[in-house]
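Have a look at the structure below, then the notes.
No lab work stands behind these numbers, since they all come straight from the coordinates. This one's a predicted model, so the numbers in the text were calculated from it and none came from an experiment. Positions of Cβ are backbone-derived with ideal geometry, glycine not excepted, and every protein chain shown enters the neighbour counts.
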Amino acid sequence: MIRRSFIGLGLALLAGTTALAQEADRSDWPGTVVIGTASPGGTHAIYGQGIASVISAHVGVPASTQQTQGPTQNLVLVHGGRIDIGLTTMGPAFEAMEGELDLDPGTAYDDIRALFPMYVTPFQAAALERSGITSVSDLAGRTVGAGPRGGTGGTYWARWFEALDLSVDVQNGPLGDQTSQLADGRLDAVTTAAGLPIAAFSELETLAPTVFFGLSAEEIGKLKATVPYAEEFTIPAGTYSAQKEDISTLAMWNVAFTNSEMSESLAYEIVKAVFENHDEMVATHASAAETLLENVTQNGFMPYHPGAVRYYREQGIDLPEAVIPAEMK
């Protein structure tokens, strides 16, 4: 009886010590986590809600999303400590690290740290069937919505029209608003970049007969040399009801990221929660089907957060030297 009492006391003390250790481990965690997404109608806005739900339920920190202009602005906000996690594509991330970000030129973002790969973002366009527009070359002389200026589409489509020698009147604004303007005839087309399927595009084709298109082989050849972080991609037929054939285009990977100030233990728990609750992520948006450990190495240049590195090494993933952060070397 006495021996059992001492054993019970020992277990109680051990439990108390473990609880205190866990509490101490959380001492540098924030009271809440804010995730920067994008404008309504795009995939980031929906996917970010899935991250927030997983963090709230499985990490134990209340998490919420904040609508932003998209990937480029998210980099500025995370770098400035105004949000905790941002969602971006590899193109803006590369430019930020090189000090060439459109919204903050001359500042090298050497403090951003990747957490986990999200999904591939293909560049795509939509026009009403009655317009006769079926290709990017048809956009010459037209008024085209390209989404928010800080989004991936808003960043690259304007550059690409110029690279392709197309004179296009590019308008920026929330993607959902621009597809409504397209349906009303106030825009000739909408070009964007987002995970599949794009909610705003799916809604658009319920309003009017719609044509979806990407880039021609010649256009891909011209543009690929200017964006080494982009890859050729096929949007499968049937992604949208009106899409009867595959669409060829370019695409960039998305990554969820933070800055080097985030607690190592918090970053670890967030990454673990996302991968170990994959079904919950997919239930939020189908694009999360690509949020897999096998895609961790799709990021070949953006340093991972030490907490993410620890989790990936535990899973047996061999990370290239380029994505090991300076603080771990």
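Zone of ARG26 (label point 7 Å along Cα→Cβ, backbone N under 13 Å): which residues in segment 54-70?
Of the residues in segment 54-70, 56-63 have backbone N under 13 Å from the label point off ARG26.
Per Stokes-Einstein, at 25 °C and 0.890 mPa s, what whole-number D in µm² s⁻¹ belongs to segment 58-192, with the Kirkwood radius over Cα pairs as the hydrodynamic radius?
152
Please list the non-local residues whose amide H lies under 5 Å from the amide H of ASN277, H modeled 1.01 Å from N, same-chain partners needing a gap of 5 or more.
Correct list: empty.
How much net charge surrounds PRO228 when only the other residues with a Cβ under 15 Å from the Cβ of PRO228 are counted, with Lys and Arg +1 and Asp and Glu -1?
Within the 15 Å Cβ shell, the charges total -2.
Of PHE257, TYR240, VAL271, whose Cα points farthest to the positive end of the dipole of segment 225-291 (charges on the beta-carbon: +1 Lys, Arg; -1 Asp, Glu; origin at the Cα centre)?
Farthest along the dipole direction, towards plus: TYR240.
Considering only VAL59, ALA194, SER135, whose Cα is most displaced toward the positive end of the charge dipole of the chain, charges sitting on Cβ of Lys, Arg (+1) and Asp, Glu (-1)?
VAL59
Which value does Rg/Rh take for the chain over its C-alpha atoms, Rh per Kirkwood?
1.06
Under 27 Å Cα-Cα from LYS222, which lysines qualify once same-chain neighbours fewer than 8 residues away are excluded?
LYS244
Mind checking the dipole of segment 204-329: about its Cα centre, +1 per Lys or Arg Cβ, -1 per Asp or Glu Cβ, Debye to the nearest 20?
For this selection, approximately 200 debye.
Under a cut-off of 27 Å between alpha-carbon atoms, report the lysines in cross-link reach of LYS272, not counting same-chain residues fewer than 8 places apart.
LYS329
So how strong a dipole does segment 196-241 carry about its Cα centre when Lys and Arg Cβ are +1 and Asp and Glu Cβ are -1, to the nearest 20 debye?
It comes to approximately 80 debye.
At GLU232 and SER167, where each label point lies 7 Å from the Cα along Cα→Cβ, what is the point-to-point distance in nanometres?
With each label placed 7 Å out from Cα toward Cβ, I get 3.3 nm.
Between GLU261 and GLU327, how many nm apart are label points set 7 Å from Cα along the C-beta direction?
About 1.1 nm separates the two model spin labels.
With +1 on each Lys and Arg Cβ and -1 on each Asp and Glu Cβ, how big is the dipole of the chain about its Cα centre, in debye rounded to the nearest 20?
My answer is approximately 780 debye.
May I ask for the net charge around LEU215, where only other residues with Cβ less than 14 Å from the Cβ of LEU215 are counted and Lys, Arg are +1 while Asp, Glu are -1?
Counting the neighbours of LEU215, the net charge comes to -3.
Working from Cα positions, state the angle (0 to 90°, nearest 10) between the long axis of helix 43-54 and the longest principal axis of the chain.
Approximately 10 degrees, to the nearest ten.
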